[in-house]
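Data first, discussion second: the structure below is written as structure tokens.
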Amino acid sequence: MGSFSMPRTDFPIRGLFFINRDMLPETKDSGMTNDERKSLKTVNRGRTFFWLPILDCYVLREFMIPFSVLAFTFTLLFLIGDVFNDISDFLEHKSTFFLAAKYFILKMPGNIRFVLPISVLLSCMYCIANLGRTREITAMRASGLSMLRCGGAIYIAALCVTFINFWFNEQLVPDCDMDAKVLIKSLGRENYEKRMYSMLQYRSSDKTRDWLFTNFDKSGLQKSVILKQYKNDENGRRYIAWDLQAEEAEYTPSGWVFRGVKRTPYSEILHVPGAEQHIKELKFTTDQIPETVENIGNAIRPPDELSSLAIWRILKDNPNMVDSLRNVYQTILYYRLAFPWVCFLCVFLGLPLAAKNERAGIFLSIVTAVGAIVVFQMMTEIFLVLGKQGYVPPFIGGVGPTLAFLFYSYFFVIRKST
């Protein structure tokens, strides 16, 4: 009778070799060397979450290659779309190539923040599917690594992308969008940026003051300023309490200082103007007039184009802001803080989906993941509108879709796959 031999069950993969525990000696007194004993202890250690440099660097490389390609491709597609939409304006005004290139470069940060989440999702799924196709995931699992640990390098990379996306949203996107808007509107209009701040009107957040600046200066002294103060009567109707015209106005840390003032009080009963008062210098504290130069300068920018820090300062400096305006600012603030984390959550969705459908095919996983992203984007836009209009609390309007995405990723994907 021929000898019977057990098949080998070790898994050699592209430079990685996992030892089957059944092939190791069971006793310590079998003449093993120190290196063999050390290997035995390492294998018997079970699942680990410690740093595994060879494995983690290998998985990170397999993830970064498709991520770089996808991020570049999607950014290029957005750039082509911007070129088709706006190139006619530059051709019409015979602008230089460098001016057009500057405009499209300024538009890129706003596109990249939407490119990063979908790039992370698809590259994660491609990486896991490719490792599953070559049975490398099977080898990792057989060596005692959990699926979560196998994708540890991908989670760390996605967390870094999340911080990069947050930096884009706060530092680059608001200023770049504003500069791009000014640049394209300046075509054929000389000194557009200066005229943008001329005859600037501003209404305070509590709707009790109206400002008019002949030429608003973001850096300091204001010239020819008109300010009107309003009050509400017993029936809730607004009437003017007084107005003033100042030759100069300056904001200081202690409040506003008006010089060369003509102040006109109004009767609280008849609402008619009284005698005009001439005042050399008139001061208001920050409690009386909480508006700052920064708040007024941001008035010409939609809330969507402000950074989270600017929105937070507006909310902090205006405690009496009307609810309708406060809902808008708070909803956008919560959305700004929650949206970048989608990059990290995409890995929680993509990795289990790719591993779960390894045998059924990666196409089903991609369709499911992309469908989830599309639904998430639709929910985001809907909840933003509901939050701004006050139909739902601002926190739900800004963070609700992200929490729903996290709930779906955990309960319907991660738990089922495990």
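Where a number appears in this text, it was derived from the coordinates with a stated rule and is not lab data. All values reported here derive from a predicted model rather than from experimental measurement. Cβ atoms come from the backbone with ideal geometry, glycine included; neighbour counts cover every protein chain shown.
Taking H as built 1.01 Å from N, whose amide H comes closer than 5 Å to the amide H of L200, not counting residues under 5 places away?
So L200 has HN proximity to F213, F216.
Quick one: which residues, 5 or more positions from S205 or on another chain, have an amide H under 5 Å from its amide H? H modelled 1.01 Å from N in the peptide plane, none for Pro or chain starts.
none
When the Karplus curve 6.51 cos²θ - 1.76 cosθ + 1.60 is applied with θ = phi - 60°, which whole-Hz ³J(HN,Hα) does each residue of the stretch 280-288 get, with x for Gly and Pro?
So the J values, rounded to whole Hz, are 5, 8, 10, 10, 10, 7, 5, 6, 6.
Given Cβ point charges of +1 (Lys, Arg) and -1 (Asp, Glu) and nothing else, what value in debye, to the nearest 20, does the dipole of the stretch 198-291 about its Cα centre take?
120 debye
Kindly write out, for the stretch 335-344 in residue order, the coupling ³J(HN,Hα) from the Karplus curve 6.51 cos²θ - 1.76 cosθ + 1.60 (θ = phi - 60°), rounded to whole Hz, with x marking Gly and Pro.
5, 4, 6, 8, 4, x, 6, 4, 4, 6
Less than 13 Å Cβ to Cβ from D243, Lys/Arg counted +1 and Asp/Glu -1: what total charge do the surrounding residues give?
Around D243, the charge tally is +3.
Tell me, Kirkwood radius of the stretch 266-418 from alpha-carbon pair distances, in Å?
Here the Kirkwood hydrodynamic radius works out to 19.1 Å.
Positive end of the dipole of the stretch 198-291, charges at C-beta (+1 Lys, Arg; -1 Asp, Glu), about the Cα centre: which of S219, Q277, T252 has its Cα farthest in that direction?
Checking the options against the dipole of the stretch 198-291, the answer is S219.
Convert each backbone phi in the stretch 173-186 into a coupling constant with the Karplus relation 6.51 cos²θ - 1.76 cosθ + 1.60 (shift: θ = phi - 60°), then list the ³J(HN,Hα) values in order as whole Hz, x for Gly and Pro.
4, x, 6, 5, 4, 5, 5, 5, 5, 5, 4, 6, 7, 7
Putting +1 on Lys and Arg Cβ atoms and -1 on Asp and Glu Cβ atoms, find which of A241, Q201, Q288 reaches farthest to the positive end of the dipole of the stretch 198-291.
Of the listed residues, the answer is Q201.
Using only the Cα atoms of the stretch 198-291, what are the Rg and Dmax in Å?
Considering the stretch 198-291 through its Cα atoms, Rg and Dmax are 13.5, 41 Å.
Dipole of the stretch 87-167, Cα-centred, from +1 at each Lys and Arg C-beta and -1 at each Asp and Glu C-beta, to the nearest 20 debye?
About 220 debye.
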